[in-house]
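The values are calculated or read from the model by the stated rules, or taken from the named source; none is laboratory data. If you're wondering where the values come from, they're calculated on a predicted model, not measured in any experiment. Cβ sites come from the backbone with ideal geometry, for glycine too, and all protein chains shown count toward neighbours. Heavy atoms of the whole protein, side chains included, go into the accessibility calculation; ligands, DNA and RNA do not. Shrake-Rupley method; radii C 1.70, N 1.55, O 1.52, S 1.80 Å.
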Amino acid sequence: MHELSIAISIIELAQEEAERRGDVRVSAIHLKLGMLSGVAKEALLSSYDLACEGTALEGSELIIEELPIVVYCPKCELPKPASSIEWFSCPECGTPTPEILQGKELELAAMEILE
Ligand SMILES: [Zn+2]
């Protein structure tokens, strides 16, 4: 239940933020989720609904923005989308690269507040 513990920590974080803003009601949470974060989107969505029950965030919506993997190609000297999830190489010249610029994100991007 990896996703459930993640959902709980997202909710705790959002609750703290809502309290800091004067006990506002949260209607939605925007989350950035990298393709390499190891988190299954669908599982996280259903865990979120479950974990929200009985909290101040009950009824709020989790909106997930999936971020593709971007690597840095040392040959092209440019950021490029990775050619596959297992093999990080430049899609144009095929140069393998260990440098991952994007794809590991798991972060709270924004909160929508109910007026
Ligand atoms: Zn390249």
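Numerical summary
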item: Radius 14 Å from Cβ of residue 40, net charge of other residues (Lys, Arg +1; Asp, Glu -1); result: -2
item: Exposure of residue 2 as accessible area (Å², to 10), given a probe of 1.4 Å and all protein chains; result: 100
item: Å² per residue, accessible surface of the chain at 1.4 Å; result: 60
item: Solvent-accessible ranking of 111, 35, largest area first, probe 1.4 Å; result: 35, 111
item: Portion, in percent, of the accessible area of the chain that falls on carbon or sulfur, probe 1.4 Å; result: 53
item: Nearest-ten-degree value, helix 2-20 long axis tilted from longest Cα axis of the chain; result: 60
item: Between the stretch 19-41 and the stretch 88-107, the alpha-carbon center distance in angstrom; result: 25
item: Per residue, the convex hull volume that the Cα atoms of the chain enclose (Å³); result: 110
item: Considering only the chain, percent of DSSP beta bridges that pair antiparallel, nearest 5; result: 70
item: 0 to 90° range, to nearest 10: angle between helix 41-52 axis and the chain longest Cα axis; result: 20
item: List 66, 19, ordered by accessible area with a 1.4 Å probe, largest first; result: 19, 66
item: Solvent-accessible area of residue 49 with every protein chain in place, 1.4 Å probe, in Å² to the nearest 10; result: 90
item: Local electrostatic count at residue 59 - Lys and Arg +1, Asp and Glu -1, tallied over other residues with Cβ under 14 Å; result: -4
item: Amide H contacts of residue 73 (H built 1.01 Å from N, under 5 Å, at least 5 apart or other chain); result: 78, 80
item: Residue 100 accessible area, assembled protein chains, probe 1.4 Å, Å²; result: 50
item: Loop chymotrypsin sites (Phe, Trp or Tyr not before Pro), the stretch 33-115 (other Cβ atoms within 10 Å of the site Cβ: 15 or fewer; DSSP); result: 87
